[in-house]
Amino acid sequence: MKSGFASIVGRPNVGKSTLLNRLVGQKVAIVSNKPQTTRNRIIGVVHHPEGQVVFVDTPGIHKPLHPMNERMVRVAQDALANIDLVLLMADATQPFGRGDAFVLELLQRARSSAFLLLNKIDRVAKPKLLPMLEHYQKLYPFEEFFPLSALSGDNVEALMNAVLARMPEGQPLFDPDQVTDQPERHLAAELVREQLLHRTHEELPYALGVIVEQWAESERGIRIDATILVEREGQKGIVIGAGGSLLRDAGTAARLELEQLLGCKVVLKLWVKVKEHWRRDGWLLDQMRI
Ligand code: GDP
Ligand code: MG
């Protein structure tokens, strides 16, 4: 049997979490079109007849300007070393930029075995891919190259087989029914945050934090109480929306997903609280597993 770890690293918004969900076959990481959606290390386990691969999704690597982001980037940096394989992901729709160069520098320092993944090929003409692949080839001794689409699934199975082939021999590390190490409470908070991300813009997504405060199970289902943290009074108004509409819609969407995930009826109560510098609060960041 094969068994090992592969981490997915790259700039924010290139599609790392989308790929993780596609590989695992269910949603373990939230996704949005806003950068820095993923704030912690998320594990997704793929059980295959020939072995087990533990994929590690990471926050995007960027220059951190905030204590919370420092933690996020450290998590991503750690995922570059002491790992069986690094999957370095780039966005094929974007020109190679300073952000990509920074990610490569970190990989050069870690000297890990790595594949290059060029994602979002559903959005670019094929001839454009070759020069990009050649550019990466000059910068690091990648073992394999995969143009792919995490969204459509194009070339993802080939990637999966190649990753498995590179894993060391070993016993499985996770039970066959386990796909992630995230507690359900945390996933619930993340699903709420995802729905809020879909409905907010500009600086607000960065200022949002969600914590599950209560989780009560009964024969009728699960009641979840969650607090949404924002940093300013004005943001609270935006999150609540006109007549409470934004919060209500986000809550309904998150509840429907939770009911599907947990397989029972869910009552989801959301509260919005202003806490000016919550992103500097180590205790709160710990609560959110950041
Ligand atoms: P991450 O920050 O690297 O984890 O990126 P996400 O997985 O959150 O995705 C960022 C955005 O890119 C989302 O809007 C995704 O729907 C989109 N995306 C991810 N993969 C693809 C892809 O293969 N093709 C296209 N067109 N969009 C993608
Ligand atoms: Mg992500």
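Pairing the Cα long axis of helix 67-78 with the longest principal axis of the chain, what angle in degrees results, from 0 to 90 and rounded to the nearest 10? Helix 67-78 sits at roughly 30 degrees to that axis. Taking a sphere under 10 Å around the Cβ of Gly170 and counting the other residues whose Cβ falls inside, with K and R at +1 and D and E at -1, yields a net charge of -1.
For segment 184-287, give the percent of accessible area contributed by carbon and sulfur heavy atoms, probe 1.4 Å, rounded to a whole number. Write out the running numbers ahead of the final one.
Numbers: 2660 of 5410 Å².
The computed percentage sits at 49.
In summary, the lysines within cross-link reach of Lys265, defined as a Cα separation below 20 angstrom excluding same-chain residues under 8 places away, comprise Lys27.
Around the amide H of Val267, modelled in the peptide plane, lie the amide H atoms of Ile222, Arg223, Ile224, all under 5 Å away and 5 or more residues distant in sequence or on another chain. Here segment 2-166 has 50 percent of its accessible surface on carbon and sulfur atoms, given a 1.4 Å probe and all protein chains in place.
So what does the Cα-only Debye profile of segment 155-290 read at q = 0.10, 0.12, 0.13, 0.16 Å⁻¹, as log10 I(q)/I(0), no solvent term? Debye intensities relative to I(0), on a log10 scale: -0.44, -0.59, -0.67, -0.87. For segment 2-166, the solvent-accessible area with a 1.4 angstrom probe is 43 square angstrom per residue.
Taking Cα pairs under 8 Å and at least six residues apart, what relative contact order does segment 2-166 come out at, in percent?
Result for segment 2-166 is 25 percent.
Taking a Cβ cut-off of under 14 Å around Arg223, the surrounding Lys, Arg, Asp and Glu residues balance to a net charge of -1, with basic ones at +1 and acidic ones at -1. Rolling a 1.4 Å probe across all protein chains gives Ser113 an accessible area of roughly 50 Å².
Exposure check, 1.4 Å probe, all protein chains in place: Ser17 carries approximately 10 Å² of accessible surface.
Based on protein heavy atoms only, segment 184-287 ends up with 52 Å² per residue of surface accessible to a 1.4 Å probe. The translational diffusion coefficient of the chain, from Stokes-Einstein at 25 °C and 0.890 mPa s with a Kirkwood hydrodynamic radius over alpha carbon pairs, comes to 123 µm²/s. Using a probe of 1.4 Å, the accessible surface attributed to Arg255 totals some 70 Å² when neighbouring protein chains are kept in position.
So, counting K/R as plus one and D/E as minus one, what does the shell of residues with Cβ under 9 Å around Phe102 add up to?
Cβ neighbours under 9 Å give a net charge of +1.
Projecting the Cα positions of Leu285, Pro95, Ile30 onto the charge dipole of the chain (unit charges on Cβ atoms of Lys, Arg, Asp and Glu, taken about the Cα centre) puts Pro95 furthest along the positive direction. The Cα trace of segment 213-282 gives Rg and Dmax of 13.8, 39 Å, the first to one decimal, the second as a whole number. In a simple Cβ point-charge model (Lys, Arg +1; Asp, Glu -1; nothing else charged), segment 184-287 has a dipole of about 260 debye relative to its Cα centre.
Working from Cα pairs under 8 Å separated by at least six residues, relative contact order for segment 184-287 is 30 percent.
Taking every alpha-carbon pair under 8 Å whose residues sit at least 6 apart, the chain reaches a relative contact order of 19 percent.
When DSSP beta bridges are restricted to pairs lying wholly in the chain, around 35% turn out antiparallel. Once the dipole of the chain is set up with Lys and Arg at +1 and Asp and Glu at -1 on Cβ about the Cα centre, which of Val272, Ile224, His186 lies farthest towards its positive end? Checking the options against the dipole of the chain, the answer is Val272.
The values are calculated or read from the model by the stated rules, or taken from the named source; none is laboratory data. Not measured: the values here are computed from a predicted model. Note: ideal-geometry Cβ built from the backbone for every residue, glycine included; neighbour counts use all protein chains shown. We work out accessible area using only protein heavy atoms, side chains counted, and drop any ligands, DNA or RNA first. Shrake-Rupley method; radii C 1.70, N 1.55, O 1.52, S 1.80 Å.
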